[in-house]
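Colleague: My questions will all concern the structure given below.
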Amino acid sequence: MSFLDPTASAEDTDQKPLAERIDSLDGKRIGLVGNGKQAAEPVLNVVEERLREQYDDVSIEYYLVEELNMLKDDSVLEDIGEWAADTVDVAITAMGDCGSCTKFLAWATDSIEANGVPAVGLVEEGFVMDWKSNSIERGRSLRFQVIPVRCEVTDRDRIRGDITGDVLADIADELTRPRDEDERELATAD
């Protein structure tokens, strides 16, 4: 009996480099991108609070789609990428539910990276494999941070208890950690 592996392999897809990372979030314009699900905005609001607690000189810009299915639209993805390139230095994207929204969040994050802006997706632990396989499908090993918030939670007090300064530090690390050797090789080959 043989089994098929349903996950894509990086070797099966032309890989594209990540955007060059930044050195620090200090003084940066940070984009917060919601995927249109009801819990995304409260998660991003708490991320904004934590950012302002740590960095008093950042500016925050939001890009919130009205509904998840809008991220299937190539023109919306193009608009998100252009918005990021014109408006922010880095972007943080957040899912606000589960399942297919992980796929579309990866697509939006890829559009941001394709426009030269470092981005990180906030993903619930149960959807890491979805994130990774959809990142590979888009041709980029997109960075992500697992957040301890259940994806459907909208209670800001509960989210505040989950998104701590340590979680914010991990998010910042994904935006500032230099590209690794494989990522640099992709960038020089591009």
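Colleague: Please give the charge dipole size of region 25-189, origin at the Cα centre, charges +1 on K and R Cβ atoms and -1 on D and E Cβ atoms. Round to the nearest 20 debye. Can you show the working numbers first?
Modeller: Values: 18 positive and 37 negative charges, 44 e Å.
In debye, rounded to 20, region 25-189 gives about 220.
Colleague: Can you sort Glu82, Glu113 from fewest to most other Cβ atoms within 10 Å of each residue's own Cβ? Intermediate results must be reported in sequence, preceding the final value.
Modeller: Values: Glu82 13, Glu113 24.
Ordered from fewest to most neighbouring Cβ atoms within 10 Å, Glu82, Glu113 come out as Glu82, Glu113.
Colleague: Please enumerate, by chain and number, the lysines with C-alpha under 19 Å from the C-alpha of Lys72, excluding those fewer than 8 residues away in the same chain.
Modeller: Lys72 reaches Lys37, Lys103, Lys132.
Colleague: Could you give each residue of region 42-50 its phi-based ³J(HN,Hα) in whole Hz, using Karplus coefficients 6.51, -1.76, 1.60 with θ = phi - 60°, and x for Gly or Pro?
Modeller: Taking θ as phi minus 60°, the curve returns x, 4, 5, 4, 5, 4, 4, 4, 5 Hz for region 42-50.
Colleague: Projected onto the charge dipole of the chain (+1 at Lys/Arg Cβ, -1 at Asp/Glu Cβ, origin at the Cα centre), which of Ile92, Ser75, Ile159 gives the Cα projection farthest towards the positive end?
Modeller: Final value for the positive-end residue is Ile159.
Colleague: OK, next. Mind checking which aspartates and glutamates have their Cα closer than 16 Å to the Cα of Lys28? Skip sequence neighbours fewer than 8 apart in that chain.
Modeller: Leaving aside aspartates and glutamates fewer than 8 places away in the same chain, those within reach of Lys28 are Glu20, Glu48, Glu49, Glu53, Asp56, Asp57, Glu61, Asp86, Asp89, Asp173, Glu174.
Colleague: Could you work out the helix-only [θ] at 222 nm for the chain, with each DSSP H run of four or more residues adding -39,500 (n - 2.57) and the total divided by the number of residues, to the nearest 500 deg cm²/dmol? Write out the running numbers ahead of the final one.
Modeller: Details: 7 runs with 83 residues, N = 190.
Estimated from H runs of four or more residues: -13500 deg cm²/dmol.
Colleague: If neighbour count is taken as other Cβ atoms inside 10 Å, put Leu18, Leu64, Leu186 in order from fewest to most.
Modeller: Working: Leu18 22, Leu64 14, Leu186 18.
By the 10 Å Cβ count, ascending, the order reads Leu64, Leu186, Leu18.
Bear in mind these aren't lab numbers, they're just calculated from the coordinates by the rules spelled out. It should be emphasised that the depicted structure is a prediction, and the values quoted were computed from it without experimental measurement. Don't worry about glycine lacking a Cβ; one is built from the backbone with ideal geometry, like all the others, and counts go over all protein chains shown.
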